[in-house]
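Student: Here you go, one structure.
The values are calculated or read from the model by the stated rules, or taken from the named source; none is laboratory data. From a predicted model like this one, the values you see are computed outputs, not experimental measurements. FYI the Cβ positions are ideal-geometry reconstructions off the backbone, even for glycines, and counts take in every protein chain you see. Accessible surface areas use protein heavy atoms only, side chains included; no ligands, DNA or RNA. Shrake-Rupley method; radii C 1.70, N 1.55, O 1.52, S 1.80 Å.
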Amino acid sequence: MELDILIFAAHPDDAELSMGGTIAGLTDGGYKVGLVDLSRGELGTRGTPELRLKEAEEASRILKLTHRENLGFKDGNLKYNEEHLHALIRKIREFRPKILFAPYFNDRHPDHIGVGNLVKEAFFFSGLPKIITDQEAYRPKRLFYFMQTYEFKPSFVVDISKTFETKMNAVRAYKSQFYNPESDEPETFISQPNFLKFLEARAKVYGFKIGKDYGEPFFCEEEIELDLVQLIK
């Protein structure tokens, strides 16, 4: 199965938080979007790995993902090694996406940094024929990074005004992770009552920067072509 878009994330809920509106817009447009979580988030303070996988299934349904899987790598140890690198290369070659998304390579959580760097290496090395797997060499057209806790100056912002509520519904599918007044589990950085308000505020800020209601920011290390004629239209 080939995909138009392939997203790599460290933990279930990372992609929904960072680019759920963009995903919803792409799937609404008929594009095939796949998401590969590298770990089950078993070090998370709240919930269980089994529960988070069920929550991820519900979020996937809301976002209309074509494919989602979890590689089951050890949470807290998502960094470079040969096993991790070759697993990502195989996924890129299997799905042959036109565009890759990954966590930005500087963030509060070390796993996010590790996955961002891993995806960059896999993006390049998947195109080298002398790296042998059971698939043909293949390199996507672009690698874009999504924003998590730490901010960066975006290369572009995607308008998610029409899909913001879908994004938030996908986020809320992770009931174990976010604010729940009935929960007796310890409070975390993302379970605070104001965290979901922060998500909305950030989306409003980046939407304002492009003259829209809501936006999601992305970064690219390479120059991106701008079609001025399309912009004028």
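Student: Please state which one of S18, S60 is in a helix (DSSP H, G or I), polar (S, T, N, Q) and under 11 Å from the mean Cα position of the chain (by Cα).
Tutor: Only one candidate passes the filter, namely S18.
Student: Still on this structure, I have one more. Being within 14 Å of the chain's Cα centre (by Cα) and among the charged types (D, E, K, R) is the filter here; which residues of the stretch 98-114 pass it?
Tutor: Result: D107, D111.
Student: All but one of (1) touching a Pro at 6+ places or on another chain (Cβ under 8 Å); (2) small (G, A, S); (3) open to solvent by 10 Å² or more (accessible area, probe 1.4 Å) hold for G34; which doesn't?
Tutor: Just one mismatch for G34, condition (3).
Student: Of the numbered conditions (1) farther than 21 Å from C220 by Cα; (2) open to solvent by 60 Å² or more (accessible area, probe 1.4 Å); (3) under 17 Å from the mean Cα position of the chain (by Cα); (4) free of Cβ contacts under 8 Å to residues at least 60 places away in the same chain, N117 satisfies every one except a single condition; which is it?
Tutor: Result: N117 passes all but (1).
Student: For the stretch 70-86, name all the residues that are more than 19 Å from D107 (Cβ to Cβ) and either assigned to a loop (DSSP other than H, G, I, E, B) or touching a strand residue (DSSP E or B) at 6+ places or on another chain (Cβ under 6 Å) (or both).
Tutor: Going through the stretch 70-86, the residues more than 19 Å from D107 (Cβ to Cβ) turn out to be 70-72, 81-83, 85-86.
Passing the criteria: N70, L71, N81.
Student: Let me ask you something else. With R61, R68, R96 as the choices, which residue is of a type in the set (K, R), surrounded by 14 or more Cβ atoms within 10 Å (Cβ to Cβ) and under 18 Å from H11 (Cα atoms)? Steps first, please.
Tutor: On the way: R61 fails: surrounded by 14 or more Cβ atoms within 10 Å (Cβ to Cβ); R96 fails: under 18 Å from H11 (Cα atoms).
On inspection, the qualifying residue turns out to be R68.
Student: Looking at this structure, is A102 touching a helix residue (DSSP H, G or I) at 6+ places or on another chain (Cβ under 6 Å), under 15 Å from H11 (Cβ atoms) and either surrounded by fewer than 17 Cβ atoms within 10 Å (Cβ to Cβ) or aliphatic (A, V, I, L, M) (or both)?
Tutor: Judged against the criteria, A102 is a match.
Student: State which residue is nearest to the chain's Cα centre (by Cα) when the search covers only the stretch 21-56 and only residues that are in a helix (DSSP H, G or I) and of a type in the set (S, T, N, Q).
Tutor: Here the answer is T22.
Student: Could you say whether any residue in the stretch 159-179 is surrounded by fewer than 14 Cβ atoms within 10 Å (Cβ to Cβ), part of a loop (DSSP other than H, G, I, E, B) and among the charged types (D, E, K, R)? Even if it seems obvious, please write down each step before you answer.
Tutor: Initially, the stretch 159-179 is screened for residues surrounded by fewer than 14 Cβ atoms within 10 Å (Cβ to Cβ), giving 165.
Next cut, part of a loop (DSSP other than H, G, I, E, B) only: none.
Within the stretch 159-179 (the criterion being surrounded by fewer than 14 Cβ atoms within 10 Å (Cβ to Cβ), part of a loop (DSSP other than H, G, I, E, B) and among the charged types (D, E, K, R)), the answer is no, since none of the residues qualifies.
Student: Would you mention how many residues in the stretch 205-222 are surrounded by 15 or more Cβ atoms within 10 Å (Cβ to Cβ) and either in a helix (DSSP H, G or I) or free of Cβ contacts under 8 Å to residues at least 24 places away in the same chain (or both)?
Tutor: The number of residues fulfilling the criteria is 2.
Student: Collect the residues in the stretch 180-204 that are crowded, with 16+ Cβ neighbours inside 10 Å and either of a type outside the set (K, R) or assigned to a loop (DSSP other than H, G, I, E, B) (or both), keeping them in residue-number order.
Tutor: Hits for the stretch 180-204 are I190, S191, F195, L196, L199, A203.
Student: Further, regarding this structure: With the structure loaded, tell me whether D4 is crowded, with 16+ Cβ neighbours inside 10 Å and either closer than 16 Å to D75 by Cα or charged (D, E, K, R) (or both) or whether it fails that test.
Tutor: Yes: the conditions hold for D4.
Student: Among the residues of the stretch 131-151, is there at least one that is crowded, with 16+ Cβ neighbours inside 10 Å and over 22 Å from the mean Cα position of the chain (by Cα)?
Tutor: Within the stretch 131-151, one or more residues are crowded, with 16+ Cβ neighbours inside 10 Å and over 22 Å from the mean Cα position of the chain (by Cα).
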